[in-house]
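A.B. asks: Take this structure first; my questions come after.
The values are calculated or read from the model by the stated rules, or taken from the named source; none is laboratory data. Keep in mind that what you see is a predicted model, and the values were worked out from it rather than measured. Note: ideal-geometry Cβ built from the backbone for every residue, glycine included; neighbour counts use all protein chains shown. These area figures cover heavy atoms from the full protein model, side chains too; ligands, DNA and RNA do not enter into them. Shrake-Rupley method; radii C 1.70, N 1.55, O 1.52, S 1.80 Å.
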Amino acid sequence: MLALWRRSHTAGVGAIAWNPYLVYELAMKAEEFCSGLDCMKRTPLYGAYPLLALVSLLALVQGYVHIRDKRHSERLQ
């Protein structure tokens, strides 16, 4: 929503980055990539979680800064 609302490229990249993770989680739930107790081993996510967290945090901070700057410029006028 942030990407559409503020036309933020960073938020758009974050939204796109979450899509492969969603597909991965759905496939894990359906046991497409694993079976039984093997599904409990989530080592590929040691790299994905920090990356997704960083991109999401950057998008939120950028959205906040944009809103703050817009309000500040409106007060000056």
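A.B. asks: For the stretch 8-48, which whole-number percentage of the solvent-accessible area (1.4 Å probe, protein heavy atoms only) is attributable to carbon and sulfur atoms?
C.D. replies: Details: 2060 of 3070 Å².
C and S fraction of accessible area: 67 percent.
A.B. asks: Something else: Quick one: accessible area per residue over the chain, 1.4 Å probe, rounded to a whole number of Å²?
C.D. replies: Working: 6430 Å² over 77 residues.
Each residue of the chain exposes 84 Å² on average to a 1.4 Å probe.
A.B. asks: Now a separate question. Work out, step by step, the length gained on full extension between Lys29 and Tyr49: first 0.36 nm times the residue separation, then minus their alpha carbon distance; give nm to one decimal. Don't skip to the answer; put the middle values down first.
C.D. replies: Working: separation 20, 0.36 × 20 = 7.20 nm, distance 1.75 nm.
Contour length minus the Cα-Cα distance gives 5.4 nm.
A.B. asks: May I pose another question? In whole Å, largest first, what are the principal axis extents of the Cα atoms in the chain?
C.D. replies: Ordered largest first, the chain gives principal extents of 63, 20, 13 Å.
A.B. asks: Taking loop as defined by DSSP and a crowding limit of 13 other beta carbons within 10 Å, which GluC sites (Glu not before Pro) in the stretch 1-70 fit? Don't skip to the answer; put the middle values down first.
C.D. replies: On the way: sites: Glu25, Glu31, Glu32; in loops: Glu31, Glu32.
Sites meeting the loop and neighbour criteria: Glu31, Glu32.
A.B. asks: Further question on the same structure: So what are the three principal axis dimensions of the stretch 34-77 from its Cα atoms, in whole Å, longest to shortest?
C.D. replies: On the principal axes, the stretch 34-77 reaches 62, 15, 9 Å in Cα extent.
A.B. asks: May I pose another question? Suppose accessible area is computed on protein heavy atoms with a 1.4 Å probe; arrange Arg42, Arg7, Arg68 from highest to lowest.
C.D. replies: Working: Arg42 75, Arg7 200, Arg68 120 Å².
Heavy-atom accessible area, descending, gives Arg7, Arg68, Arg42.
A.B. asks: Work from the charge dipole of the chain (Cβ charges, +1 for Lys and Arg, -1 for Asp and Glu, about the Cα centre) and give the residue of Gln62, Leu22, Tyr49 farthest towards its positive end.
C.D. replies: Of the options given, the answer is Gln62.
A.B. asks: Ordered by residue, what ³J(HN,Hα) values in Hz, to whole numbers, does the stretch 14-21 give under the Karplus form 6.51 cos²θ - 1.76 cosθ + 1.60, where θ = phi - 60° and Gly and Pro are x?
C.D. replies: x, 5, 5, 5, 6, 4, x, 5
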